[in-house]
Amino acid sequence: MKPFDYVRASDAAGVKEAGGRIIAGGTNLLDLMKHQIETPSTLVDVTRLDMTEVEQAENSLRIGALVTNSELAAHESVRRDYPVLSRALLAGATGQLRNKATTGGNLMQRTRCPYFYDTTQACNKREPGLGCQAMEGANRILAVLGASDKCIATHPSDMAVAMRALDARIEIDSVDRGTELLTMDEFYVLPGDDPSVETVLNPGDLITAVHLPTAPKGRQTYRKVRDRSSYAFALVSVAGIVETQGGKITEAALAFGGLAPRPWRDTAVEEVLVGEAPSEALFDKAADVLLADAKGHGDNDFKIPLARRTLKAVLGELTGAS
Ligand SMILES: Cc1cc2nc3c(=O)[nH]c(=O)nc-3n(C[C@H](O)[C@H](O)[C@H](O)COP(=O)(O)OP(=O)(O)OC[C@H]3O[C@@H](n4cnc5c(N)ncnc54)[C@H](O)[C@@H]3O)c2cc1C
Ligand code: SF4
């Protein structure tokens with residue numbers, strides 16, 4: 001690990017003043033520093049900031065950026081009104097990690113592409129312009145949607161997938177722009193030509209909270225398909241919220257993990273479903289829309305049929321149709 005300065009901030013102004021790399025639970029950042037993939041000259045510890053509460057705000061539940069994954073999964077309102085989020089959190093990492101991992105840090109965790117972690121391999125995300133070893137290499141866990149010819153990494157967070165289905169907004173205290181509330185699509189940047197840029201955050205910008213709108217109607221679930229039953233990132237995951245009335249789907253929100261560089265949502269998939277009676281043929285049609293632009297790179301071709309099967313299983317579970 002390279003030497004670095006350490007500052008413990010007591011408020012947002014102190015974070016901005018220090019202008020270094022934010023550290024919260026440290027479960028991802030410290031790994032990256034040990035591998036010398038991240039080499040910040042200053043670490044700004046934010047764990048003393050007042051961002052530890054889950055509060056009922058007007059028309060939303062406000063989750064402080066330092067709420068741990070364990071606390072959030074167990075929170076009474078989350079378990080009652082947003083079970084998809086509770087399930088997604090519990091599907092991630094291990095109990096020990098969830099006790100340290102924070103809401104802000106989880107949103108900002110970096111890809112698990114093996115070449116990103118191996119400094120002897122070419123990786124445009126680690127060093128723009130170097131090339132992408134994964135494109136023709138071991139890409140089993142990588143993206144089939146939303147990728148570019150520079151990078152096919154996936155975003156690894158389970159929590160963020162559930163938040164995407166729930167229409168969460170991310171609250172930011174930005175050095176240049178002040179306080180902002182961003183949708184997850186506004187927050188995460190697709191790889192394009194420079195995959196090292198993953199979000200709209202600039203140095204010193206702080207995630208302060210996540211807002212969940214009023215509890216959605218309908219049934220909720222999170223299904224994660226992975227290589228082992230625990231301690232593994234998603235190959236494909238689906239966060240689903242579906243309401244049915246009078247034999248027809250009246251509302252649907254679906255988000256996907258393991259498929260794309262950011263928690264993936266395509267409202268065209270939901271539009272196919274709403275107003276229709278649930279059936280296998282309808283679920284196939286929704287999967288066709290989701291996967292119309294999907295592109296495998298060899299090792300990860302299997303994710304395309306796997307995503308279809310997982311989506312259909314989730315829709316079957318949520319609507320009672322097989
Ligand atoms: C073995 C292992 C297995 C795992 N399995 C899973 C899994 O299955 N599913 C899953 O979703 N995750 C998994 N994780 C990832 C884990 O959830 C993340 O490491 C964790 O959520 C990161 O949170 P943290 O608070 O520790 O972040 P840190 O490591 O402290 O920070 C991560 C990044 O976030 C930035 N950051 C932190 N807080 C803020 C803030 N408030 N504002 C702006 N930037 C901020 C930091 O600068 C850094 O870039 C796993 C991790 C490990 C080590
Ligand atoms: S897929 Fe992205 S993270 Fe992986 S090697 Fe290529 S550029 Fe790097």
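The values are calculated or read from the model by the stated rules, or taken from the named source; none is laboratory data. Please read all numbers here as calculations on a predicted model, not as lab measurements. Glycine also receives a Cβ, built like all others from the backbone with ideal geometry; neighbour counts cover every protein chain displayed. The accessibility values were calculated without ligands, DNA or RNA, using every heavy atom of the protein model including side chains. Shrake-Rupley method; radii C 1.70, N 1.55, O 1.52, S 1.80 Å.
Can you name the residue in segment 41-55 that is under 23 Å from the mean Cα position of the chain (by Cα) and of a type outside the set (A, V, I, L, M) and, of all such residues, is farthest from Lys16 (Cα to Cα)? Taking the candidates together, the pick is Glu55. Here's a check for you: in segment 168-194, which residue that is touching a strand residue (DSSP E or B) at 6+ places or on another chain (Cβ under 9 Å) and within 15 Å of ligand 2 (Cβ to nearest atom) is farthest from Phe233 (Cα to Cα)? That would be Val189. Does Arg169 satisfy the condition of being within 21 Å of His297 (Cα to Cα), among the charged types (D, E, K, R) and within 16 Å of ligand 1 (Cβ to nearest atom)? No; evaluated as a whole, the condition is false for this residue.
The condition of being touching a His at 6+ places or on another chain (Cβ under 7 Å), open to solvent by 20 Å² or more (accessible area, probe 1.4 Å), of a type in the set (D, E, K, R) and away from ligand 2 (no atom under 16 Å from the Cβ) holds for only one of Arg21, Arg80, Arg62, that being Arg62. Residue count for segment 122-142 under the criterion of being within 7 Å of ligand 2 (Cβ to nearest atom), basic (Lys, Arg) and more than 10 Å from Ser196 (Cβ to Cβ): the result is 0.
Among the residues of segment 7-18, the ones that are open to solvent by 50 Å² or more (accessible area, probe 1.4 Å), among the β-branched types (Val, Ile, Thr) and out of contact with any helix residue (DSSP H, G or I) (no Cβ under 7 Å at 6 or more places or on another chain) come to 0 in all. Taken as a whole, the structure places Leu32 among residues that are surrounded by 14 or more Cβ atoms within 10 Å (Cβ to Cβ), within 16 Å of ligand 2 (Cβ to nearest atom) and part of a helix (DSSP H, G or I).
From the list Glu276, Glu243, the lone residue that is among the charged types (D, E, K, R), more than 29 Å from Asn139 (Cβ to Cβ) and open to solvent by less than 70 Å² (accessible area, probe 1.4 Å) is Glu243. When the test is whether a residue is among the hydroxyl-bearing types (Ser, Thr, Tyr), closer than 16 Å to Pro156 by Cβ and more than 8 Å from ligand 1 (Cβ to nearest atom), Tyr82 does not pass it.
For segment 156-167, give me each residue that is surrounded by 24 or more Cβ atoms within 10 Å (Cβ to Cβ) and within 15 Å of ligand 2 (Cβ to nearest atom). Matches in segment 156-167: none. For segment 121-165, residues that are aliphatic (A, V, I, L, M), assigned to a loop (DSSP other than H, G, I, E, B) and within 14 Å of ligand 1 (Cβ to nearest atom) total 1. Right, Glu55: under 28 Å from Ser10 (Cβ atoms) and within 16 Å of ligand 2 (Cβ to nearest atom) or not? Taking the combined requirement at face value, the residue does not satisfy it.
Any residue in segment 265-280 that is within 20 Å of Ala91 (Cβ to Cβ) and either touching a residue at least 24 places away in the same chain (Cβ under 8 Å) or assigned to a helix (DSSP H, G or I) (or both)?
Here is the first cut: in segment 265-280, the residues within 20 Å of Ala91 (Cβ to Cβ) are 265.
Imposing the further condition that a residue be either touching a residue at least 24 places away in the same chain (Cβ under 8 Å) or assigned to a helix (DSSP H, G or I) (or both) reduces the set to 265.
Checking segment 265-280: at least one residue is within 20 Å of Ala91 (Cβ to Cβ) and either touching a residue at least 24 places away in the same chain (Cβ under 8 Å) or assigned to a helix (DSSP H, G or I) (or both).
Residues in segment 212-250 that are small (Gly, Ala, Ser) and away from ligand 1 (no atom under 11 Å from the Cβ): Ala215, Gly218, Ser229, Ala239, Gly240, Gly246, Gly247.
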